[in-house]
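A.B. asks: Handing you this structure, nothing more for now.
Derivation of every value follows stated rules applied to the coordinates shown; laboratory data play no part. Here the structure is a predicted model, which means the values were calculated and not measured. Heads up, the Cβs are rebuilt from the backbone with ideal geometry, glycines too, and the neighbour counts pull from every protein chain shown.
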Amino acid sequence: MNNKYLVFGLVGALIAVGALFMISRDRDTRDIPRVPDAVPTPAAPVIPSPGVSVMTTTTTPASDSSSGLREKTFAIQSWMETVDGKMSAHFSMPLIEVKQGDLVRLMITNSKGTHDFVIDEYGIKQDTPEGTLTTIEFVADKTGDFEFYCSKYNHRNIGQKGTLRVTP
Ligand SMILES: [Cu+2]
């Protein structure tokens, strides 16, 4: 009679071991790490050019994006040079054209010389230090042609000027 119990005991033990084996195998398959989908490459950070500092001036309070103003951005170089002994000063953009009501953003980089940026009718007069990116923002609320110029030394007379054209 002892053998009978022994057989039942062995069978029971085998079933128990088998069940444990199945459970552990089941858990193993669940725990196999899934191959991750394509890993997104992080966007490269924007690194400002070395040696160029950034200065922002807002002459008219810039409205937030919910204001519905159309933004117009212009990158302008400002510099002076001497060619054949003749000095001249420049803005790289002779004409800035926008619509009335636009939020105008001028990004002025002065690469050489002492300059500023002036539009009398808009009350804008902003120094643009050499080696600096200066940002000027204003709302073009007046229509017409307005001269922009550099008021340093005689730069206006030797070419450093242009036209802001604001059309209805
Ligand atoms: Cu100038």
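A.B. asks: I need the phi-derived Karplus couplings for the stretch 110-119: 6.51 cos²θ - 1.76 cosθ + 1.60, θ = phi - 60°, integer Hz, Gly and Pro marked x.
C.D. replies: These are the phi-based 3J(HN,Hα) values: 8, 8, 6, x, 9, 9, 9, 9, 10, 10 Hz.
A.B. asks: Between N157 and M107, with labels modelled 7 Å along Cα→Cβ, what's the label distance in nm to one decimal, could you check?
C.D. replies: 3.5
A.B. asks: Provide I158, I76, I136 in ascending order of the number of other Cβ atoms located within 10 Å of each residue's Cβ, fewest first.
C.D. replies: I158, I76, I136
A.B. asks: With a sphere of radius 12 Å drawn around the Cβ of I158, what net charge do the other residues whose Cβ falls strictly inside it have (Lys, Arg +1; Asp, Glu -1)?
C.D. replies: +3
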